[in-house]
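The values are calculated or read from the model by the stated rules, or taken from the named source; none is laboratory data. These numbers were taken from a predicted model, which means no experiment stands behind them. Please note: Cβ atoms are built from the backbone with ideal geometry, for glycine as well, and neighbour counts cover all protein chains shown. Calculation scope for accessible area: heavy atoms of the full protein, side chains included, ligands and nucleic acids excluded. Shrake-Rupley method; radii C 1.70, N 1.55, O 1.52, S 1.80 Å.
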Amino acid sequence: MDIVVTIPKSEYENDDNELVDYLSSDDVVMFWTLPVIPKQLQVGDRVYFVKNNRIERSMRLLEIKMDSQMTCETTGRQWSGKCQLIMNDLRMEQFNTEIKGFQGFRYLKTVMG
């Protein structure tokens, strides 16, 4: 089942830079770290990203790594957590629903009603 996550405002600049790097190479994947494992999330589902109170884009889930650590090639920052989502297949989205930011994740069906 698809999930929604919020990009923190403090990460907007890093997110913009990561997006540029992702778009400049065919073999780059992106990842997202969560403190819990979404029980209904499966490989092939989509992860939707909220930025500026709107779902801006989504990516297809390739792999779920548990209790792992990864380093962002763009920022050099290390991220570790209970669950890391490895994604590709970027798609820009055109949802018109305003979404207030939140921590963690929500299932898309609960966000979109």
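Counting only residues at least eight positions apart within a chain, or on another chain, the lysines with an alpha carbon under 23 Å from that of Lys65 are Lys39, Lys82.
Using the Cβ-Cβ distance between Gln78 and Arg54 with R0 = 35 Å, the FRET efficiency computed as 1/(1 + (r/R0)^6) comes to roughly 0.75. Describe numerically, in nm with one decimal, the distance between label points set 7 Å from Cα along Cα→Cβ at Ser68 and at Leu90. Reported label-point gap for Ser68 and Leu90 is 2.0 nm. Among the protein heavy atoms of region 3-57, carbon and sulfur supply 48% of the accessible surface, probe 1.4 Å, non-protein parts ignored. In straight-distance terms, cross-link reach from Lys9 covers every one of the lysines whose alpha-carbon lies under 17 Å from its own, apart from those fewer than eight places away in the same chain; here that gives Lys51, Lys100.
The mean accessible area for residues of the chain, using a 1.4 Å probe and ignoring ligands and nucleic acids, is 60 Å² per residue.
From most to least packed by mean Cβ count within 10 Å, the peptides 103-112, 86-95 give 103-112, 86-95.
Among DSSP bridges having both ends in the chain, what percentage is antiparallel? Round to the nearest 5.
Bridges in the chain are about 85 percent antiparallel.
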